[in-house]
Amino acid sequence: MLSREKVNAQMAVTEAKIRKLEDELVTERRTLGHLRLLFIFGKLPTELMVEIFMLAISSTPAWPRVLKHILSLSQVCALWREIVVGSPKIWAQSVVEVCLDYKQRSVSSKDYLETIFHRSAPHSISVSFICGNKDAPTVHPKINTDAIARAISNSAPRWKSLTVGGNYPGWATVDAPLLNLQTLKITAGSLPPTLPSCPNLRRLTIADTGVNGSSTVDLTPIPLANLTHIDLESFDLASLLSILRQCEKVVTASLATKLYTWSQVDVNMLYDGPVTVLSSLTHLKLKFSRGEPQWKLIGPFFAPLALPSLRTLRLSFNRSAGIPWPVEAFTTFQMRAPQLSDLCLSGTWITAAQLIGVLRLAPALTSLSLICCPECVKDAFFLALTEGPTSARQLVPQLTFLYLRDVRSEFGNDKLDAAIRSRGWSEECQALNRNRLQQVRILDCFSKTRITVLEAKLTDLIWQGFKLVFV
């Protein structure tokens, strides 16, 4: 007969085995539940599984990682591999990078690219040619760039977006018409001498091209009249204006001039032809590069333009001292752009009186940004904004946002406070249902002491919802 101690010991061992078996049972039941989930997932319609796969890989925009995720999905089981390999929509989801620079990233092989383009057919695809350093591309000596270009040229009619970065050596061999291309971006390198035909192009970007800002590219194959978005850099102003006037359907335009001297500028070229009406243009950004006498150019640029639908205008100068504001030319332009609601001036020496004149011709203005404009933000500016509620014509009555950055703070806190309160916050204005100036953002203008004082003066408005932001 066993002693009590031995019986207790055997019971403890048996109970431990039972607990272990119970834990294994719980684990097996969980595993069975996962298997049932996989079984149900595997029975979903193929179209739904493709959409689920696309959601799984859409969080990684970089093509190498997207490709890795696609291949990982194809290795889960035979069913998933069949779906992934046989679903062109998955392979066409991200930008296909054609990389020839072995110092930058993994090089694209001919077979690798042919596989991707074959599996993505017949869907439209986005392609990016990458060649590293824009001045001295480090192409591997064993890479046959012409062979790679020919290998993928059959897919050219399916390209919906094309980016050419660097002096891509195989560009000239891609001569097939790009019938489906809607977006073309050429950046970081010299422009190709010719462009392929792309009759359905809608977005054109040419940026950071050439050491000296060369812009001798032939845009004849580009249907300028069909473009809706243009972003051009390193062009002379006459060329920019000529291109813009041909873009009859353009909605947004971002233009930046190249570096050049005054001897290279023919102002008379900018005045040629009648006034051009661009009825669809709503956003225009114009940036003048350093080293040029831009004050002589802004007037000639705007003189032949009528933009009846323009909402946003951003003008950026290089802040050279003594540049006069082209009052007459810009006034004429404003009369042809009555819907302007967002104005940003940067690096200009416009005076307070001239700025007030601009604002009087912009009754629809809701947003005003002044950056590095040292001569306009003065007491006179805020006094003009403080026109009383009974004034016959209040200055920019729709203004809701004011942004001041790096401007001389040659104005008193009381003037700013009065201007803010008069913009819909006083009892008289509220009775007349005037629009409120909802937010003022100030950057690099005030000392900490002045910020504290101004915040204290406007505490009551801040409690009512006014936003005063110091960055």
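Only the coordinates and a few stated rules stand behind these numbers; no lab work does. Note that the structure is a prediction, hence the values are computed from the model and not measured. Cβ atoms come from the backbone with ideal geometry, glycine included; neighbour counts cover every protein chain shown.
Annotation: amide H of residue 164 within the under-5 Å range of 129, 185, 186, 187, sequence separation 5 or more or interchain, hydrogens built in the peptide plane.
Sequence-ordered 3J(HN,Hα) estimates for the stretch 435-440 from the Karplus curve with 6.51, -1.76 and 1.60 and θ = phi - 60° stand at 5, 8, 6, 7, 8, 10 Hz, glycine and proline given as x.
Whole-Hz Karplus values for the stretch 371-382 come out as 10, 6, 10, x, 10, 10, 8, 10, 4, 4, 5, 6 Hz, taken residue by residue from phi with 6.51 cos²θ - 1.76 cosθ + 1.60 and θ = phi - 60°; glycine and proline positions read x.
Residues whose amide H falls under 5 Å from that of residue 310, counting only those 5 or more places apart or on a different chain, are 339, with hydrogens built in the peptide plane. Residues 312, 449, arranged from fewest to most other Cβ atoms within 10 angstrom of their Cβ, appear as 449, 312. Taking every Cα-Cα distance in the stretch 341-471 and sorting them into 5 Å bins starting at zero, the pair-distance distribution P(r) comes out as 2, 10, 21, 27, 21, 12, 5, 1 percent.
Among the listed pairs 185/285; 285/415; 415/448; 185/258; 160/285, which have their C-alpha atoms separated by more than 22 angstrom in this model? Correct reply: 285/415; 160/285.
Listed values for the stretch 278-287 are Karplus-derived 3J(HN,Hα) couplings in whole Hz (6.51 cos²θ - 1.76 cosθ + 1.60, θ = phi - 60°), namely 10, 6, 9, 6, 10, 10, 9, 10, 10, 10, and x replaces Gly and Pro. Taking 7 Å steps out from each Cα toward its Cβ at residue 19 and residue 353 produces label points 9.3 nm apart. The simple spin-label model puts a point 7 Å past each Cα toward its Cβ; for residue 76 and residue 410 those points are separated by 6.8 nm.
Spin-label model, residue 128 to residue 11: label points 7 Å out along the Cα-to-beta-carbon direction sit 7.1 nm apart. Peptides 460-470, 245-255 ranked from most to least packed give 245-255, 460-470, packing being the mean of other C-beta atoms within 10 angstrom over each peptide's residues.
Cβ-Cβ distance of residue 280 and residue 327, R₀ of 22 Å, FRET efficiency by 1/(1 + (r/R0)^6): the value works out to about 0.20.
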